[in-house]
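Heads up: the structure comes next, in structure tokens.
None of the figures in this text is laboratory data; all of them are computed from the coordinates on show. Because the structure is a prediction, the values reported are computed rather than measured. So basically every Cβ, Gly included, is an ideal-geometry build from the backbone, and we count neighbours across all protein chains shown.
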Amino acid sequence: MSVDSTINPRTGMDVDSFREDIKQHLHYTLAKDKFSSTDWDQYRSVVLAVMDRLHDRWINTQQSYYQNESKRVYYLSMEYLIGRLMDNMLINLGMQDVAAEAIEEIGFDYDKVREAEVDAGLGNGGLGRLAACFLDSMATLGVPALGYGIRYDYGIFDQDIEDGWQVEKPDMWLQYGYPWSVVRPKKKYTVQFYGDTTASEDGNGRLHYDWVNTHNVTALAYDTPIPGFQNDVVNNLRLWKATSDEGFDLKSFNQGDYIEAVRSNLLEENISRVLYPNDKVFKGQELRLKQEYFLVSASLQDAMNRFKKQFDDLRKIPDQMAIQCNDTHPNLAVPELMRMLMDLEGLEWEPAWDIVSQTINYTNHTLMPEALEKWPLSLMSNLLPRHVQIIREIDRRFLNSIDISGDDRNKKNRMRVISNEMDARVRMGNLGIIGAKRVNGVSELHSDLMKKTIFKDFADHYPEKFTNVTNGITPRRWLRQCNRELADLISDRIGDDWVTHLDQLQEVEHFAEDEKFQSEFKVIKLRNKQKLADYIKDTMGVTVDAESIFDIQIKRIHEYKRQLMALMHAITLYNRIKNDPNADIEPRTLLFAGKAAPGYTMAKLHIKLINSVAEVINNDPEVAPKLKVLFLPDYSVTLAEKMIPAANLSEQISTAGMEASGTGNMKFALNGALTIGTLDGANIEIREQVGKDNIFIFGHTVDEIEDVRAQGYNPQKIYESDEELKQVIDQIHDGYFSPDNPNLFHPITNALLNQGDYFMVLADYRKYVEKQEEVEANYRDEFDWNRKAIINVANMGHFSSDRSIKDYCERIWDVEVSQ
Ligand SMILES: *Cc1c(COP(=O)(O)O)cnc(C)c1O
């Protein structure tokens with residue numbers, strides 16, 4: 001293959017160079033040509049060409065961190081909900097248009113190449129997506145950060161809908177390889193499990209502990225480059241795979257049990273086999289604890305290695321690293337770093353503790369007690385005996401330290417790391433707080449409630465530890481990438497600095513009433529809706545009207561998120577149309593998507609109910625022109641990117657006090673949807689930013705919910721006194737939507753009427769329906785609706801994850817932001 005000498009296939013940022021590089025990779029790396037190549041080959045050759053352009057920058061960035069002795073931020077997360085990377089990489093390299101041209105010149109189709117990529121779904125929902133947005137922002141701000149996680153063989157399950165039910169299928173995302181990662185075959189650490197501890201006196205009369213007879217697993221590093229936005233910074237996401245590199249267990253091999261020796265290797269590899277598919281529920285399974293320790297141990301060894309290459313004095317650790325634990329999952333970092341400093345480095349308890357408690361930080365993600373990890377002490381003692389000794393000592397010293405002030409035994413028992421029940425447990429939240437320098441919640445309301453409720457005792461005891469960092473989203477993916485036309489419209493008016501300085505969107509507010517801007521804005525929204533309508537037609541065979549209100553609720557299926565309430569509103573509209581076919585109802589398309597944890601029976605029944613109601617509504621010729629309800633299968637980052645730009649109305653209707661922040665709410669508003677929502681999580685801050693007239697807020701507040709509960713909440717009474725509501729519940733109960741199985745939905749109606757309606761659906765139903773009437777009336781005033789939508793876009797600056805990361809740098813990590 002002859003190559004023009006004026007181009008540089010490996011690193012050139014021009015069309016010719018990039019095109020030649022793709023062709024060369026297709027030929028020399030993949031042994032294909034444009035005739036024999038599949039979509040996947042084409043995609044892979046593009047990725048290889050992109051990687052060529054990342055590698056210089058990646059190496060240079062890491063070298064500069066080393067040379068500048070930069071303080072490193074280590075972000076520890078069990079989840080990264082990454083999605084596809086091709087567009088993201090190209091945009092951040094500043095060569096999306098160049099690449100598109102090069103790809104078309106070869107004769108490939110850009111959209112087909114894009115669609116060939118797998119969606120990397122190594123997370124459940126908001127927590128994992130937050131970690132992915134933070135990686136993008138840390139690189140964009142030039143923060144010397146490294147993300148650590150687990151390279152699960154199987155990410156979040158693929159969701160099929162069969163006969164209206166969720167069916168889980170394995171997510172085989174690695175089946176053809178993952179070209180965005182580079183394996184580091186020599187970057188390996190041994191992670192120990194089980195075994196015993198021994199104590200021996202060292203020469204100075206001090207007790208030295210060893211952890212022996214352990215069962216060892218090897219952690220192998222896979223690195224993915226994380227480029228910042230057009231700043232030549234490339235950070236690293238390092239995901240650990242479990243292997244059994246020690247070779248065979250020679251003992252059993254010598255005894256002739258060759259098969260057994262190989263089989264036990266497979267057991268070790270199970271540690272990184274699969275992501276646990278639970279969102280916000282703790283299940284005390286041993287394999288999960290193994291995963292958590294595996295992440296912590298490999299990552300801290302790697303971080304300590306890097307530190308020791310440059311520094312001798314361990315007391316410098318807090319100046320050289322900040323460790324951020326994404327939820328309680330990596331909080332074993334506290335005892336693990338203590339163990340490393342004492343048992344491996346020879347420090348005494350106090351200096352070790354000083355280091356740990358100035359280095360580790362913990363982000364709390366929910367107030368719901370079922371999410372806070374509480375590991376049975378017996379299970380942990382077996383798996384991590386040395387850590388349990390250290391945790392006991394942390395607990396003992398903590399109790400002593402609060403002895404002076406308190407004789408309140410209950411309070412002490414609440415604050416201890418190890419609960420003093422019959423079945424003693426290790427409370428990972430308490431461990432995190434006691435061991436951390438800073439503890440943060442993820443919205444103002446959540447951080448406030450955290451201090452007033454679950455962690456009140458700690459907030460009184462260590463007020464200086466607690467802070468807030470409101471979550472954010474990366475504007476690169478969630479506007480520039482997923483809604484190119486709106487991004488270009490904005491850039492046409494205010495320039496394109498908003499991509500890294502989202503506050504500048506403020507300037508867009510001047511165009512809220514500008515006829516020309518409005519009409520372009522409107523056309524873009526309509527085109528996005530039509531694209532989604534086409535996707536729905538292609539994938540589900542259902543026609544939806546792009547002129548109707550696109551009313552969208554997409555998120556994990558959870559009772560507290562109240563998909564049921566949005567569905568009950570749809571049934572209410574259905575009944576109104578049936579009562580009066582000429583009823584003045586604005587055409588509406590209600591779209592749901594979301595996965596339910598495989599063991600969450602009620603959430604799975606909610607999915608079935610949505611599909612059953614959809615069946616009745618969509619097939620009723622009297623109703624279908626005005627109302628459609630659809631459940632789109634397999635919610636993922638990729639599906640979110642298709643749905644969010646098409647939304648008119650964003651459903652953020654959780655029971656007040658239960659959604660820690662939400663980030664879906666931010667994505668929708670940034671793309672010009674109006675929010676209907678409760679005063680919960682970051683909805684409150686969205687209201688502050690956009691103004692109360694530009695958001696549809698309804699329902700009980702946190703305080704009101706507390707009052708209602710205190711006075712004895714009676715959902716039956718509400719049911720009896722609201723005819724429309726009664727009809728809706730009766731229909732669900734009596735099998736109107738499940739004629740073949742009339743009792744099918746009894747668990748749902750029982751939860752509402754006979755089990756106290758814990759999530760207060762009935763309490764908020766009427767206010768919600770009324771607010772939806774307001775929405776409808778407002779949607780008819782097209783000018784006013786678009787004005788409000790534009791004002792929403794203009795005021796989303798606060799919700800950039802760049803702002804969140806700056807807050808972490810200032811309030812928690814003590815790292816300067818250069819860019
Ligand atoms: C943003 C996002 C979430 C979080 O949505 P919430 O509405 O905040 O719960 C979950 N899943 C995916 C795929 C997302 O992109």
| Radius ratio Rg over Rh of the chain, counting only Cα atoms, Kirkwood formula for Rh | 0.97
| query | Residue by residue, what Karplus-based ³J(HN,Hα) values in Hz, rounded to whole numbers, does the stretch 451-457 have, using 6.51, -1.76 and 1.60 with θ = phi - 60° and x for Gly and Pro? | reply | 6, 8, 10, 4, 10, 4, 4
| note | If unit charges are put on Cβ atoms (+1 for Lys and Arg, -1 for Asp and Glu) and the dipole of the stretch 242-376 is taken about its Cα centre, the option from Q291, Q301, W353 lying farthest towards the positive end turns out to be Q291
| note | With Rg from the Cα atoms and Rh as the Kirkwood inverse mean 1/r over Cα pairs, the stretch 700-819 has an Rg/Rh of 1.18
| note | From fewest to most C-beta neighbours within 10 Å, the residues I161, I812, I156 line up as I161, I812, I156
| field | Surrounding net charge for I106, when Lys and Arg each add one and Asp and Glu each subtract one, Cβ distance under 14 Å | value | -4
| said: Just the number: Rg to Rh for the stretch 46-191, Cα atoms, Kirkwood Rh, two decimals. | reply: 1.00
| request: Answer rounded, prolate or oblate for the stretch 1-55, using the Cα gyration tensor with square roots of eigenvalues a ≥ b ≥ c: rounded when a/c is under 1.5, else prolate when a/b is larger than b/c, else oblate. | output: oblate
| note | For I718, I391, ascending order of other Cβ atoms within 10 Å (fewest first) is I718, I391
| said: Rounded, prolate or oblate, given the Cα gyration tensor of the stretch 427-570, with a/c below 1.5 counting as rounded? | reply: oblate
| query | Which whole-number percent of Cα pairs in the stretch 368-444 have a distance greater than 14 Å? | reply | 65 percent
| Extreme residue, positive dipole direction of the stretch 15-119, given options G94, V118, L54 (C-beta unit charges) | L54
| request: Quick one: which residues, 5 or more positions from A145 or on another chain, have an amide H under 5 Å from its amide H? H modelled 1.01 Å from N in the peptide plane, none for Pro or chain starts. | output: V73
| query | How would you order 442-451, 622-631 from highest to lowest mean count of nearby Cβ atoms within 10 Å? | reply | 442-451, 622-631
| Quick one: putting +1 on the C-beta of Lys and Arg, -1 on the C-beta of Asp and Glu, what dipole do you get for the stretch 666-770 around its Cα centre, in Debye to the nearest 20? | 220 debye
| note | Residues whose built amide H sits under 5 Å from the amide H of I549, excluding neighbours closer than 5 in sequence, are R588, T589
| message | In Å and on Cα atoms, what radius of gyration and Dmax does the stretch 320-466 show? | response | 14.6, 43
| Relative exposure of H606, H501, H569, H733, judged by other C-beta atoms within 10 Å (fewest first) | H501, H733, H569, H606
| Distance from the Cα centre of the stretch 512-553 to that of the stretch 723-763, in angstrom? | 33 Å
| request: Treat every Asp and Glu Cβ in the stretch 1-126 as -1 and every Lys and Arg Cβ as +1, leave all other atoms uncharged, and give the resulting dipole magnitude about the Cα centre to the nearest 20 debye. | output: 540 debye
| Ranked by how many other beta carbons lie within 10 Å on average, peptides 174-180, 533-539 from highest | 174-180, 533-539
| request: Report the one residue of Q192, N582, V708 whose Cα lies farthest in the direction of the positive end of the charge dipole of the chain (charges on C-beta: Lys and Arg +1, Asp and Glu -1; origin at the Cα centre). | output: Q192
| query | So how strong a dipole does the chain carry about its Cα centre when Lys and Arg Cβ are +1 and Asp and Glu Cβ are -1, to the nearest 20 debye? | reply | 1760 debye
| task | In whole Hz, with x marking every Gly and Pro, tabulate ³J(HN,Hα) for the stretch 130-147 from phi via Karplus 6.51 cos²θ - 1.76 cosθ + 1.60, θ = phi - 60°. | result | 4, 4, 5, 5, 5, 4, 4, 6, 4, 5, 5, 8, x, 6, x, 10, 9, x
| task | Would you please give the residues with an amide H less than 5 Å from that of H208, counting only those at least 5 places away or on a separate chain, with H modeled from the backbone geometry? | result | S200, E201, D202
| task | Write down the radius of gyration of the stretch 600-718 and its Dmax, each obtained from C-alpha positions, in Å. | result | 16.9, 46
| query | Which whole-Hz ³J(HN,Hα) couplings does the stretch 739-756 yield from phi under the Karplus relation 6.51 cos²θ - 1.76 cosθ + 1.60, θ = phi - 60°, glycine and proline marked x? | reply | x, 6, 8, x, 8, 3, 9, 4, x, 6, 5, 5, 4, 6, 9, 10, 10, x
| task | Step through the table entries K555/K692; K169/K290; K290/K412; K525/K692; K531/K667, compare each Cα-Cα distance with 26 Å, and write down the pairs that go over it. | result | K290/K412
| One-quarter of the Cα convex hull surface for the stretch 749-810, in nm²? | 7.4 nm²
| Helical mean residue ellipticity (222 nm; -39500 (n - 2.57) per DSSP H run of 4+; nearest 500) of the chain | -13500 deg cm²/dmol
